[in-house]
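The following block contains the structure, expressed as structure tokens.
The values are calculated or read from the model by the stated rules, or taken from the named source; none is laboratory data. Because the structure is predicted, anything quoted here is derived from the model rather than measured. Heads up, the Cβs are rebuilt from the backbone with ideal geometry, glycines too, and the neighbour counts pull from every protein chain shown.
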Amino acid sequence: MKSLTIYLSNDNNVVDWMRTMTTSKLNKRYNMKHLSEDMKVKYSMLYRFVNKKPVSQEFFVAWFRYFSE
């Protein structure tokens, strides 16, 4: 079993922290298409998440599975 410790400031929430972690992974060569393939989610779902649109619970499960590796 793996664990992930998250420290948030008073004005942050978990989803904002997740968005920050996701965008920090992206760069010119490693773009959202590559990250979505590695996370095993659809590109459109990752795009919606990064742009602050609602996503399904499946996305959050895939996100934590990928980022806890």
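Going by the structure shown, is TRP63 at negative phi and either of a type in the set (Val, Ile, Thr) or touching a residue at least 12 places away in the same chain (Cβ under 8 Å) (or both)?
yes
Can I ask one more? May I ask you to say which residue of ASP11, ASP16 is within 10 Å of the chain's Cα centre (by Cα), modelled with pLDDT under 95 and acidic (Asp, Glu)? Explain how you work it out, then say what you get.
Working: ASP11 fails: within 10 Å of the chain's Cα centre (by Cα).
After applying the criteria, what remains is ASP16.
Looking only at the range 24-69, count how many residues are in a loop (DSSP other than H, G, I, E, B) and either of a type in the set (Asp, Glu) or under 10 Å from the mean Cα position of the chain (by Cα) (or both). Explain how you work it out, then say what you get.
To start, the set of residues in the range 24-69 that are in a loop (DSSP other than H, G, I, E, B) comprises 26-31, 40-42, 51-56, 68-69.
After this cut, where a residue has to be either of a type in the set (Asp, Glu) or under 10 Å from the mean Cα position of the chain (by Cα) (or both) as well, the list is 69.
Adding up the residues that qualify gives 1.
Here's something else I'd like to know. Would you check which residues across the range 5-23 are in contact with a Phe, Trp or Tyr (Cβ under 7 Å, 6 or more places away or on another chain) and either acidic (Asp, Glu) or not in a helix (DSSP H, G or I) (or both) and list them?
If the condition is that a residue be in contact with a Phe, Trp or Tyr (Cβ under 7 Å, 6 or more places away or on another chain) and either acidic (Asp, Glu) or not in a helix (DSSP H, G or I) (or both), then ILE6, LEU8 are the ones that fit.
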